[in-house]
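Have a look at the structure below, then the notes.
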Amino acid sequence: MDRLLANASERARAYLNAIQSRRANPSEDAVAGLSVFRESLPEGPTEASEVLRLLDEAGSPATTAMSGARFFGFVMGGAMPAPLAANWLATAWDQNPGLHLASPIGAELEEISLEWLVELLGLPTGCAGSFVTGATVANFTALAAARNAVLHGVGWNVEAEGLFGAPPITVIIGAEAHPSVYKALGMLGLGRERVLRVPVDSQGRMRTECFPAFQGPAIICLQAGNVNSGAFDPAREIIEKAHAGGAWVHVDGAFGLWAAASPRLAHLVRDFAAADSWATDAHKWLNVPYDSGLAFVRDEAALRAAMSISAAYLPQGDHREPSNYTPELSRRARGVDVWAALKSMGRSGIADLIERNCASARQFATGLAEAGFEILNEVVLNQVVVSFGDAETNRKVVQAVLDDGTCWCGGTVWQGRGAMRISVSSWRTTPEDVQVSLAAIIRMARSVLDAS
């Protein structure tokens, strides 16, 4: 075991030490090399050292450099040193924090981290929270509490009776809501297609003048950080309308909610604190290892009613029992990574990370605009959407950038236009990384345009 773990540590360190100099995108040969894994189930055992060697030698070259400084896809942050090291230790602990009795350290660090996060994100004191896989399950968890609360308000116990015969719930959502919200609504039986979609403006923000009238049980889904533009829905106006009608307001803030941690950016998200629930990801802007989603709910009773579990063999102590707040009973101790990130960076370090990423996004936008390309969004956060021409030209530029390997940027279609999306979320990214990436993007774009 000692030799194997030392070997794993050496291989992991070598991978991370080379992350800055390697391609952001795996080569075709590296991806083709994955064929070595396609074999029949082995009849007998294989030495653990050989398993590790195969993973590293065939697997490492075929990874995308998500933990590197020049990965700008999908709003994915790279794991910082302290939470990465804590993750390794927590994996060695192999704790299931579903019950305090089973894992006191897992349960306690979750509770402490949630208290710190509520303060950091400017949420109401006393919010209940859940550690889950990502924003999809965070939205699911918070919306399950919402479903419980709005139906309880009209005398229906959805946990006991289900949705058969239940009063209908009106769900109102922005036209550019993230697909994870739709998925969560579908899993909850609220439907992906029966929602009322509110038209949005040129930045993807809900238009308050188009907000529909409603009556009866209702859930309103707001967005803090449009996945393309980074824009924020007009929270104050919509929350006032929603609460006046007795609706529950949920916020999908997968990355945008972290603006609250920055004194310079907190104004963007301040009005969202009046909502009833929030979903976000720590593996985005807190830069902890995957996976790490977070759900927060103002009404702890609603969350517990939706998520609690009881059985004779599952002892409930005087402490907070994590399994009463999450969909899962068995899961990894995500709170260890999050605690390590919060402890190592502190309030000022987290603010600095977020502000540096946003400055890098502005640097990208300025450089691309000066090169003659069209920036489609107002760069209010860490997102840049740039167009190089028509849809086919954009597709070719994105592919050329991926083939080049200097940086990783993905394509998108936003408000009917093909474009490239740049998401700056990594603690590693420096102004020099942006300059190198800008030069590569501009070079590839001009090459495509010259060949047209």
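The values are calculated or read from the model by the stated rules, or taken from the named source; none is laboratory data. Everything quoted here is computed from the prediction, not taken from an experiment. Positions of Cβ are generated from backbone atoms using ideal geometry, with glycine treated the same way; all protein chains shown enter the neighbour counts.
Annotation: of all residues in region 215-257 being of a type in the set (A, V, I, L, M) and in a helix (DSSP H, G or I), the one that is farthest from the chain's Cα centre (by Cα) is Ala244.
Just to be sure, is Ser360 in contact with an Asp or Glu (Cβ under 9 Å, 6 or more places away or on another chain), among the hydroxyl-bearing types (Ser, Thr, Tyr), closer than 27 Å to Val269 by Cα and assigned by TED's automatic domain parsing to the domain that holds Leu123? When the stated conditions are applied, Ser360 does not pass them. Taking the conditions (1) within 20 Å of Gln20 (Cβ to Cβ); (2) surrounded by 19 or more Cβ atoms within 10 Å (Cβ to Cβ) in turn, Ala445 satisfies each one other than (1). If the condition is being among the hydroxyl-bearing types (Ser, Thr, Tyr) and in contact (Cβ under 8 Å) with a residue 60 or more places away in the chain, then region 193-231 contributes Ser202, Ser229.
Yes or no, residue by residue, for (1) closer than 19 Å to Phe74 by Cα; (2) surrounded by fewer than 20 Cβ atoms within 10 Å (Cβ to Cβ); (3) not aromatic (Phe, Trp, Tyr):
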{"position": "Val336", "(1), (2), (3)": "no, no, yes"}
{"position": "Arg347", "(1), (2), (3)": "no, yes, yes"}
{"position": "Leu353", "(1), (2), (3)": "yes, no, yes"}
{"position": "Phe373", "(1), (2), (3)": "no, no, no"}
{"position": "Asn382", "(1), (2), (3)": "yes, no, yes"}
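In region 43-58 there is at least one residue that is in a loop (DSSP other than H, G, I, E, B) and of a type in the set (Asp, Glu). Just wondering, is there one or more residues in region 64-78 that are small (Gly, Ala, Ser) and surrounded by fewer than 12 Cβ atoms within 10 Å (Cβ to Cβ)? Taking every residue of region 64-78 in turn, none turns out to be small (Gly, Ala, Ser) and surrounded by fewer than 12 Cβ atoms within 10 Å (Cβ to Cβ).
Selection of region 88-100 for residues being in a loop (DSSP other than H, G, I, E, B) and either buried (at least 16 other Cβ atoms within 10 Å of the Cβ) or at pLDDT below 95 (or both) yields Gln95, Asn96, Pro97, Gly98, Leu99, His100. Inside region 258-288, residues that are buried (at least 24 other Cβ atoms within 10 Å of the Cβ) and part of a loop (DSSP other than H, G, I, E, B) make up a count of 6. For the structure I just gave you, tell me whether Gly68 is modelled with pLDDT under 95, closer than 30 Å to Thr412 by Cβ and not β-branched (Val, Ile, Thr). It is false that Gly68 is modelled with pLDDT under 95, closer than 30 Å to Thr412 by Cβ and not β-branched (Val, Ile, Thr).
Just one of (1) in a helix (DSSP H, G or I); (2) in contact (Cβ under 8 Å) with a residue 12 or more places away in the chain; (3) not assigned by TED's automatic domain parsing to the domain that holds Trp285 fails for Ala24. It is (1). Could you please find all residues in region 115-136 being under 14 Å from the mean Cα position of the chain (by Cα), under 20 Å from Leu99 (Cα atoms) and not in a loop (DSSP other than H, G, I, E, B)? Phe131, Val132 - these are the residues of region 115-136 that are under 14 Å from the mean Cα position of the chain (by Cα), under 20 Å from Leu99 (Cα atoms) and not in a loop (DSSP other than H, G, I, E, B).
All conditions but one from (1) under 24 Å from Pro83 (Cβ atoms); (2) crowded, with 20+ Cβ neighbours inside 10 Å; (3) of a type in the set (S, T, N, Q) apply to Asn394; the one that does not is (1). Please verify whether region 298-321 includes one or more residues that are out of contact with any helix residue (DSSP H, G or I) (no Cβ under 6 Å at 6 or more places or on another chain), within 21 Å of Cys127 (Cβ to Cβ), basic (Lys, Arg) and outside any helix (DSSP H, G or I). Yes, that holds for at least one residue. Among the candidates Glu110, Glu159, the residue that is surrounded by fewer than 16 Cβ atoms within 10 Å (Cβ to Cβ) and either acidic (Asp, Glu) or touching a residue at least 60 places away in the same chain (Cβ under 8 Å) (or both) is uniquely Glu159.
Across region 356-379, a minimum of one residue is classified as among the β-branched types (Val, Ile, Thr), in a strand (DSSP E or B) and at pLDDT 95 or above. With respect to the conditions (1) more than 30 Å from Ala361 (Cα to Cα); (2) part of a helix (DSSP H, G or I), Glu39 falls short on a single one, namely (2). Hey, can you tell me all the residues within region 397-418 that are of a type in the set (Gly, Ala, Ser), free of Cβ contacts under 8 Å to residues at least 24 places away in the same chain and surrounded by fewer than 17 Cβ atoms within 10 Å (Cβ to Cβ)? Answer for region 397-418, where residues must be of a type in the set (Gly, Ala, Ser), free of Cβ contacts under 8 Å to residues at least 24 places away in the same chain and surrounded by fewer than 17 Cβ atoms within 10 Å (Cβ to Cβ): just Gly416.
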